[in-house]
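Q: My structure is below; once you've seen it, I'll send some questions.
The values are calculated or read from the model by the stated rules, or taken from the named source; none is laboratory data. No experiment lies behind these values; they were computed from the predicted model shown. Virtual Cβ from ideal backbone geometry, glycine too; neighbours counted across all protein chains shown. The area values use the complete protein model at the heavy-atom level, side chains included, leaving out ligands, DNA and RNA. Shrake-Rupley method; radii C 1.70, N 1.55, O 1.52, S 1.80 Å.
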Amino acid sequence: NKPSPQSRPFSSPSTIETQQDDIAKEPPNKQQRQTNNNSPLLTTNNELTAIVNSFPTTTTGGRLNYAFGYGSGVLQQQSSSAGMVDIILAVDDPYSWHKENLVSQSHHYSGFARVGGARFVHWMQNFGARLYFHPFVDVDINVMNDVHGIDTATNHPTTTTTTIQREIKYGIVSTDDLIEDLTCWKYLYLAGRMHKPTVEIDLSTTPSSENEEQEQVVVNRRDEIAEAQQQNLLAAVSASILLHGGGRENEDMSLPITQLYNTIAGISYAGDIRMQTGAEDPNKVKKLVETPGMQALWDNMYSSILSDMQSSGILNKDEVKLELDFNDIAMRKQLIQNLPNRLQLDEIVGDASGKDSILRGSELLRTELANIVAPAAKSQSIKGFFSAGVSKSFKYAMAKFAKGRLKK
């Protein structure tokens with residue numbers, strides 16, 4: 001028998017699974033917006049799955065393969081109220097997917113998109129980081145409550161459902177484009193987002209899971225994403241260590257693990273125009289790592305990779321820090337092999353002439369990362385005026401500025 005998504009869950013350590021069970025027991029009519037027992041989770045997987053089920057999942061050629069939730073509406077990042085629920089949907093063919101979604105939920109699209117139709121949307125999708133976002137979308141979802149007993153007539157559990165409303169932002173990406181960004185860092189947009197904790201969305205109850213052939217295709221594509229994500233996480237750790245090169249003589253060659261996570265979280269903001277203009281919270285990176293409950297999720301993502309590096313002799317680690325020689329050329333040569341091909345530059349490694357060459361290599365890597373991030377981030381921001389419409393784009397920009405410039 002072929003395995004099903006239920007028996008073969010997506011195995012990436014970047015997703016939250018174990019903490020779902022406890023928080024899912026909270027009554028849906030409480031809106032599920034408060035953390036539970038120090039869990040950073042704000043939106044349950046049941047709710048995320050219900051949101052995803054409101055979209056096309058089995059369109060011809062546009063099959064949904066993978067989805068995840070992220071952001072301050074899904075994971076607690078600060079003490080203030082939760083934001084929008086951010087979701088990414090990876091589909092085989094965005095054109096086919098948008099074509100159906102335009103019919104069933106045209107109000108999610110801007111006036112430009114409704115007039116231009118699926119061809120215009122597909123054309124717009126291919127700009128920037130090849131994502132198409134819909135912000136400030138209100139969705140009504142039906143969430144199943146706890147089991148209340150057993151129906152004596154059918155001997156089945158009895159449950160009730162509660163209808164709740166969520167404000168969401170969802171983005172559509174081709175599965176192939178997602179995999180390319182994870183492995184090649186072509187845009188460092190979704191790859192950067194997936195350096196940080198996310199919540200994988202259970203697709204086992206979507207209509208596509210009822211067809212065995214489509215179900216197996218989804219499993220195979222999900223396995224491809226899992227493999228690509230492992231490459232992405234290894235590259236993130238390696239790049240972050242390389243960015244710490246150029247230390248002084250007799251300097252303490254240790255790196256707090258929290259500092260490593262902060263560096264990883266900041267990779268995708270290098271050169272991001274939103275950070276430069278105050279359109280993003282300047283404390284965002286710190287909140288992504290140091291909000292109570294979040295570091296456990298980072299540990300879950302990266303512990304196996306750091307253990308493998310320890311086994312290979314690159315570093316030593318304990319619960320709070322890494323110990324390694326940032327200026328060891330041989331170690332840097334090992335690490336650079338873990339980066340995407342476009343970043344495997346000899347100048348980043350440095351040479352035996354001294355620590356200054358290593359420092360220049362680290363700065364070169366920082367520059368190269370910014371050169372990847374900046375164009376994609378800028379074009380995605382510009383694209384929003386056409387994909388989301390002027391009013392929603394203005395509202396989104398003002399919300400970002402409120403989080404950014406006002407908190408400096």
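Q: Return the total of residues in segment 321-354 being more than 28 Å from residue 190 (Cα to Cα), open to solvent by 60 Å² or more (accessible area, probe 1.4 Å) and touching a residue at least 24 places away in the same chain (Cβ under 8 Å).
A: Selection size over segment 321-354: 2.
Q: Is one or more of the residues making up segment 101-124 open to solvent by 50 Å² or more (accessible area, probe 1.4 Å), over 13 Å from residue 172 (Cα atoms), modelled with pLDDT under 90 and under 22 Å from the mean Cα position of the chain (by Cα)?
A: No, segment 101-124 contains no residue that is open to solvent by 50 Å² or more (accessible area, probe 1.4 Å), over 13 Å from residue 172 (Cα atoms), modelled with pLDDT under 90 and under 22 Å from the mean Cα position of the chain (by Cα).
Q: If I ask for residues that are more than 16 Å from residue 58 (Cα to Cα) and touching a His at 6+ places or on another chain (Cβ under 9 Å), which ones from segment 86-109 would you list? Don't jump to the end; show me each part of the working.
A: Taking segment 86-109 first, the residues more than 16 Å from residue 58 (Cα to Cα) are 86-88, 106-109.
If the condition is that a residue be more than 16 Å from residue 58 (Cα to Cα) and touching a His at 6+ places or on another chain (Cβ under 9 Å), then 108, 109 are the ones that fit.
Q: Show the residue pairs that are 6+ apart or on different chains and have beta-carbon atoms under 6 Å apart, the first residue being within segment 109-131 and closer than 19 Å to residue 177 by Cα, the second being hydrophobic (A, V, I, L, M, F, W, C) and not in a helix (DSSP H, G or I).
A: Pairs that qualify, where the first residue is closer than 19 Å to residue 177 by Cα and the partner is hydrophobic (A, V, I, L, M, F, W, C) and not in a helix (DSSP H, G or I), are 131/173.
Q: Restricting the first residue to segment 279-291 and requiring it to be at pLDDT 90 or above, which pairs with a second residue that is aliphatic (A, V, I, L, M) meet a Cβ separation below 6 Å and a spacing of at least six or different chains?
A: 288/265; 289/265
Q: Let me ask you something else. With 9, 5 as the choices, which residue is crowded, with 17+ Cβ neighbours inside 10 Å, closer than 26 Å to residue 302 by Cβ and modelled with pLDDT under 85?
A: Working: 9 fails: crowded, with 17+ Cβ neighbours inside 10 Å.
Result of the check over 9, 5: 5.
Q: Return yes when residue 47 is modelled with pLDDT of 50 or more and acidic (Asp, Glu) and no when it is not. Explain how you work it out, then say what you get.
A: Numbers: modelled with pLDDT of 50 or more: yes; acidic (Asp, Glu): yes.
In short, yes.
Q: Restricting the search to segment 355-373, which residues are open to solvent by 30 Å² or more (accessible area, probe 1.4 Å) and either among the hydrophobic types (A, V, I, L, M, F, W, C) or closer than 21 Å to residue 230 by Cβ (or both)? Show your work before the answer.
A: Quick first cut of segment 355-373, residues open to solvent by 30 Å² or more (accessible area, probe 1.4 Å) only: 355-356, 359-360, 363-364, 366-368, 371.
Within segment 355-373, 359, 364 qualify.
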